[in-house]
Amino acid sequence: MGIITLLGGILGCKAQSAKFQSMTVNDFEKCIADTSVVRLDVRTVEEYSEGHISKALNIDVLRSDFKSKAIAQLPKSKTIAVYCRSGKRSKRAATILSDNGFKVIDLNTGFNGWVAAGKAVTK
């Protein structure tokens, strides 16, 4: 039963083409447990340095070079798990990424929701 649940969770994490899926904290956590999923924090460098999800890359979506940096640094062959502080900027980033051929999932309540749920944070 455990293997079936795990496989279902992993397969459920794959984003649909040309769209992104917004997820709850628990579903997002299950998805990023898959080591092939790339974690992307789209907050500012200052916000990132105050705490982030372990192993997350940081590319600030508010910078004019977000799209070019993301295209250069992120693998299109992997699912990108995006989050910001509250969920607004990550949806903007998810739209940009999905429009450019990436498979994307989004943490719907952002880092604030992650922290409020008592999930692990790296500083």
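Each reported figure results from applying straightforward, stated rules to the coordinates on display, with no laboratory input. Computed from a predicted model, the values in this text were never measured in an experiment. As a convention, Cβ positions derive from the backbone with ideal geometry for all residues, glycine included, and neighbour counts pool all protein chains shown.
Just rank 45, 61, fewest to most, by other beta-carbon atoms within 10 angstrom.
Details: 45 12, 61 25.
The order, fewest Cβ neighbours first, is 45, 61.
Under 13 Å Cα to Cα from residue 76, which aspartates and glutamates show up? Leave out anything in the same chain fewer than 8 places away.
Residue 76 reaches 99.
Determine ³J(HN,Hα), in whole Hz, for all residues of segment 91-102 in sequence, where each value follows from phi through the Karplus function 6.51 cos²θ - 1.76 cosθ + 1.60 and θ = phi - 60°; x replaces Gly and Pro.
Karplus values, whole Hz, x for Gly and Pro: 5, 4, 5, 4, 5, 4, 5, 5, 5, 10, x, 8.
Under the 0.36 nm per residue contour assumption, what length would be gained going from the current alpha-carbon distance of residue 46 and residue 117 to full extension? Before the final figure, lay out each step's value.
Numbers: separation 71, 0.36 × 71 = 25.56 nm, distance 2.22 nm.
Length difference between fully extended and current span is 23.3 nm.
Treating cross-link reach as a plain straight distance, find the aspartates and glutamates whose alpha-carbon is under 12 Å from the alpha-carbon of residue 30, omitting any fewer than eight places away in the same chain.
none
Excluding residues on the same chain fewer than 8 positions from residue 69, give the lysines whose Cα lies under 22 Å from its Cα.
By straight Cα distance, residue 69 reaches 19, 55, 78, 88, 91, 103.
Mind giving me the FRET efficiency for residue 78 and residue 99? R0 is 25 Å, r the Cβ-Cβ distance, nearest 0.05 is fine. Don't skip to the answer; put the middle values down first.
Working: r = 17 Å, r/R0 = 0.69.
That gives a FRET efficiency of 0.90.
Given only helices, namely DSSP H runs of n ≥ 4 each adding -39500 (n - 2.57), what is the per-residue ellipticity at 222 nm of the chain, to the nearest 500 deg cm²/dmol?
Values: 6 runs with 52 residues, N = 123.
Value at 222 nm, helices only, nearest 500: -11500 deg cm²/dmol.
What distance in nm separates the simple spin-label points at residue 34 and residue 19, each placed 7 Å from Cα in the Cβ direction?
1.7
About its Cα centre, how strong a charge dipole does the chain have in debye, to the nearest 20, once Lys and Arg get +1 and Asp and Glu get -1 at the Cβ?
On the way: 19 positive and 11 negative charges, 47 e Å.
Once rounded to the nearest 20, the dipole reads 220 debye.
By count of other Cβ within 10 Å, fewest leading, how are 123, 91, 55 ordered? Before the final figure, lay out the partial values.
Details: 123 7, 91 20, 55 11.
Going from sparsest to densest Cβ surroundings: 123, 55, 91.
Hey, can you grab everything whose amide H is under 5 Å from the amide H of residue 82? Only 5+ residues off in sequence or another chain; H modelled, so Pro and N-termini drop out.
Long-range HN contacts for residue 82: 40, 105, 106, 107.
Once label points are set 7 Å from the Cα along Cα→Cβ at both residue 65 and residue 86, what is their separation, rounded to one decimal in nm?
Roughly 2.9 nm, to one decimal.
Give me 102, 66 ranked fewest to most by other Cβ atoms within 10 Å of their Cβ, as a rough exposure proxy. Working shown, then result.
On the way: 102 25, 66 18.
Final ranking by Cβ density, sparse to dense: 66, 102.
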